[in-house]
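Notes to accompany the following structure.
The values are calculated or read from the model by the stated rules, or taken from the named source; none is laboratory data. Just so you know, these numbers come straight off a predicted model, no measurement behind them. Because the Cβ atoms are built from the backbone with ideal geometry, glycine has one as well, and the counts that use them run over all protein chains shown. Side chains are part of the model used for accessible areas, which takes the heavy atoms of the whole protein and leaves out ligands, DNA and RNA. Shrake-Rupley method; radii C 1.70, N 1.55, O 1.52, S 1.80 Å.
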Amino acid sequence: MVSEHSDAQDGETTALALKILVAGGFGVGKTTLVGAVSEIRPLRTEELLSEAGQLVDDTGGVDQKVTTTVAMDFGRITIRSGLSLYLFGTPGQDRFWFLWDELSQGALGAVVLADTRRLEDCFPAVDYFEHRHIPFVVAVNCFTGARTYGAHDVSRALDLDQGTPVVLCDARDRDSGKEVLIRLVEYAGRMHTARLLDSVG
């Protein structure tokens, strides 16, 4: 979850690097979000959609999509001096879920991207993180032309635990994506602190 290092040459104080997952259904914008916020050239493991994949991947509502993540996306963003986030975008299709357990090891928390046109596609990610007690926020990617729903409506539709944050975002916009990540870090920090207090109480 956290790695620390100090740079003796420039006297820099201890830095934190936190691992964050970006999850959600097929075609919801995970690769786009990681690419938009990353300050390094993001690592992508995308392949062209094939005819064979059309038999198992539901492309309804994302008809223009021509590639899909087959392992993970990776990027990095510095939130403030001494705090960096390492972002791991998960593949969205069921057949790649065996990778999720490996990717989630040591994660501080997760962003579950949602598309209101295909809201049911994010149920597996919500269930995954709830059952493993990994803090997460739901980020509704506001696609052009999609009906707009408020955070409360989305929370109710997904039957989220009380207090789980829901934020509206544009996965293409760096500032919007950064705000989502800040909300997650703040929420995960509160959750981890509460668990620590419970364990010693």
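Which one of the conditions (1) over 22 Å from ARG174 (Cβ atoms); (2) in a strand (DSSP E or B) does PRO124 fail to meet, given that it meets all the rest?
Status for PRO124: all satisfied but (2).
Give just the number: which of (1) farther than 22 Å from VAL185 by Cα; (2) surrounded by fewer than 20 Cβ atoms within 10 Å (Cβ to Cβ); (3) modelled with pLDDT of 55 or more does ALA17 not satisfy?
Here ALA17 clears every test but (1).
How many residues does the stretch 98-119 contain that are in a helix (DSSP H, G or I) and in contact (Cβ under 8 Å) with a residue 12 or more places away in the chain?
8
From the list ARG174, ARG156, exactly one residue is more than 17 Å from the chain's Cα centre (by Cα), at pLDDT 95 or above, open to solvent by 80 Å² or more (accessible area, probe 1.4 Å) and among the charged types (D, E, K, R). Which is it?
Within the list ARG174, ARG156, the selection yields ARG156.
To keep it simple, each residue is scored yes or no on (1) more than 13 Å from the chain's Cα centre (by Cα); (2) open to solvent by 20 Å² or more (accessible area, probe 1.4 Å); (3) modelled with pLDDT of 95 or more.
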residue: GLY89; (1), (2), (3): no, no, no
residue: GLY92; (1), (2), (3): no, no, no
residue: SER104; (1), (2), (3): no, no, no
residue: PRO124; (1), (2), (3): yes, yes, no
residue: PHE136; (1), (2), (3): no, no, yes
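Could you tell me whether ARG147 is open to solvent by 50 Å² or more (accessible area, probe 1.4 Å), part of a loop (DSSP other than H, G, I, E, B) and of a type in the set (D, E, K, R)?
Yes: the conditions hold for ARG147.
Those residues that are out of contact with any strand residue (DSSP E or B) (no Cβ under 9 Å at 6 or more places or on another chain) and without any contact (Cβ under 8 Å) to a residue 60 or more places away in the chain, I need them from the stretch 154-188; list them, please.
Answer for the stretch 154-188, where residues must be out of contact with any strand residue (DSSP E or B) (no Cβ under 9 Å at 6 or more places or on another chain) and without any contact (Cβ under 8 Å) to a residue 60 or more places away in the chain: ARG156, ALA157, ASP159, ASP161, GLN162, GLY163, ASP175, GLU186.
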